[in-house]
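S.K.: I have a structure here, written as structure tokens, and I will follow up with some questions on it.
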Amino acid sequence: MRYKSPLQQGVFLKRYKRFFAEVETLSKDIITLHCPNTGAMKNCMVEGSDCWYSLTDNPRRKLSGTLEQVTTTSGNLAGVNSALANRIVLEALKNDRIGQLSNYKTISREVKYGLENSKVDFLLEKKSQNCFVEVKSVSLDMGNHFALFPDAPTSRGKKHLRELTYIASTGHRAVLFFCVQVGSVNRLGFAKKIDPDYLTTLEAALSGGVEVLAMNCNLTKYGINLKRDVDLVI
């Protein structure tokens, strides 16, 4: 997934009112950017650290740009634009770069499914079996090549696990895919202290036939791409 233009480097100052980030540019100007992350961004808000942002040419945008990548408390680069996870995964699916999800003829997005009025991120179709894929973005870097999910309680995440569990019970493939936007990470665990119910729901989903996959990303100022498989620690 390539950015429309290379990211600009700055210095992260603070996040406030959830969707705003204050950044100092290389020319020492202070600008306010859109912060495209609904989570807590735990370990991703290091005052005075390097960050990277995109600029917009859309005259209807109130803010001049978007915070895209930050430096974590462990000194690693992390992508905090959670909305990009689906774009990253879609590109990989189209190019058969996810081995466990390759060779599907049709890829559909935002398809209604389940019992709780949900829309699945991707429906992969072939004659023998359909595959329902929910994507989650991960940015909670714990250091030592280890990340956690979620970084805040997530009722939506638990809902998606229940929906996938139902899909698995009908005989179709049900996959939860973690797009880990921290390139140094090779292990992913689940934050029991942050949301204990999520881990309980995940364990039930695994018992019910839901598959869980995770891959980390290569992040540059030019774009983000899936890189390699990440081990799960449950």
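A short reminder: the numbers here are calculations on the coordinates, not readings from a lab. As the structure is a computational prediction, the values presented were derived from the model and not from experiment. Using ideal geometry, Cβ is built from the backbone for each residue, glycine included, and neighbour counts are taken over all protein chains shown.
S.K.: Compute the signed sum of charges (Lys and Arg +1, Asp and Glu -1) over the other residues within less than 12 Å, Cβ to Cβ, of Ser49.
M.R.: -2
S.K.: Let me ask something additional. Would you please give the residues with an amide H less than 5 Å from that of Ala174, counting only those at least 5 places away or on a separate chain, with H modeled from the backbone geometry?
M.R.: The list, which skips near neighbours in sequence, is Phe132, Glu211.
S.K.: When the dipole is taken about the Cα centre of region 8-73, and only Lys, Arg (+1) and Asp, Glu (-1) are charged at their Cβ, what size is it in debye, to the nearest 20?
M.R.: 380 debye
S.K.: Can you list the residues, at least 5 places off or on another chain, whose amide H is less than 5 Å from the amide H of Ser49, using H built in the peptide plane?
M.R.: Phe12
S.K.: Note the full-extension length gain between Lys221 and Leu90 as 0.36 nm times their separation in residues minus their Cα-Cα distance, in nm to one decimal.
M.R.: 45.2 nm
S.K.: Still on this structure, please answer the following. Helix 85-94 versus the longest principal axis of the chain: what angle, 0 to 90°, nearest 10, using Cα atoms?
M.R.: 50 degrees
S.K.: So which GluC sites (Glu not before Pro) in region 98-206 end up in coil per DSSP with only 15 or fewer other C-beta atoms within 10 Å?
M.R.: Listed in order of number, the matching sites are Glu116.
S.K.: Given the pairs Lys62/Lys158; Lys28/Lys221; Lys28/Lys193; Lys4/Lys193; Lys17/Lys112, which span a C-alpha to C-alpha distance of over 29 angstrom in this model?
M.R.: Violating the 29 Å limit, Cα to Cα: Lys62/Lys158; Lys28/Lys193; Lys4/Lys193; Lys17/Lys112.
S.K.: Taking only Cα atoms and a 10 Å spring cutoff, compute GNM fluctuations for the chain and point out the largest among Leu84, Leu176, Leu101.
M.R.: Greatest mean-square fluctuation among the candidates belongs to Leu101.
S.K.: Can you return the lysines within cross-link range of Lys105? Criterion is Cα-Cα under 25 Å, with same-chain partners fewer than 8 residues away left out.
M.R.: Lys94, Lys119, Lys126, Lys127, Lys136, Lys227
S.K.: Another question, if that's okay. Report, by chain and number, residues whose modeled amide H sits under 5 Å from the one on Phe20, excluding near sequence neighbours (fewer than 5 apart, same chain).
M.R.: Cys35
S.K.: Starting at the first residue of region 214-224, write each ³J(HN,Hα) from the Karplus equation 6.51 cos²θ - 1.76 cosθ + 1.60 with θ = phi - 60°, in whole Hz, x for Gly and Pro.
M.R.: Using θ = phi - 60°, the values come out as 8, 9, 8, 10, 9, 10, 9, 6, 9, x, 9 Hz.
S.K.: For the chain, give the magnitude of the charge dipole about the Cα centre (Cβ charges: +1 Lys/Arg, -1 Asp/Glu; no others), in debye to the nearest 20.
M.R.: Dipole magnitude for the chain comes out near 540 debye.
S.K.: If you split all Cα-Cα distances of region 8-73 into 5 Å bins from zero, what percentages do you get per bin, shortest first?
M.R.: 4, 19, 32, 26, 13, 4, 1
S.K.: Of Val111, Val70, Val120, which is the most mobile in a GNM of the chain whose springs link Cα atoms less than 10 angstrom apart?
M.R.: Val111
S.K.: Find, among the GluC sites (Glu not before Pro) in region 1-94, those assigned to loop by DSSP (not H, G, I, E, B) with at most 11 other beta-carbon atoms within 10 angstrom.
M.R.: In loop regions of region 1-94 (DSSP not H, G, I, E or B), the sparsely surrounded GluC sites (Glu not before Pro) are Glu47.
S.K.: Going by C-beta contacts inside 10 Å, put Ser108, Ser27 in order with the fewest on the left.
M.R.: Taking fewest neighbouring Cβ atoms as first place, the list is Ser27, Ser108.
S.K.: Against the longest principal axis of the chain, how steep is helix 155-169, in degrees 0 to 90 to the nearest 10, with axes from Cα atoms?
M.R.: With rounding to tens, the tilt is 30 degrees.
S.K.: Something else: Kirkwood-based Rg over Rh for the chain (C-alpha set), two decimals? Mind dumping the intermediate values first?
M.R.: Working: Rg = 18.0 Å, Rh = 18.4 Å.
With Rh from the inverse mean 1/r over Cα pairs, Rg/Rh is 0.98.
S.K.: Tell me which chymotrypsin sites (Phe, Trp or Tyr not before Pro) from region 173-228 have a DSSP coil assignment and no more than 13 other beta carbons within 10 Å of their own.
M.R.: Listed in order of number, the matching sites are Tyr222.
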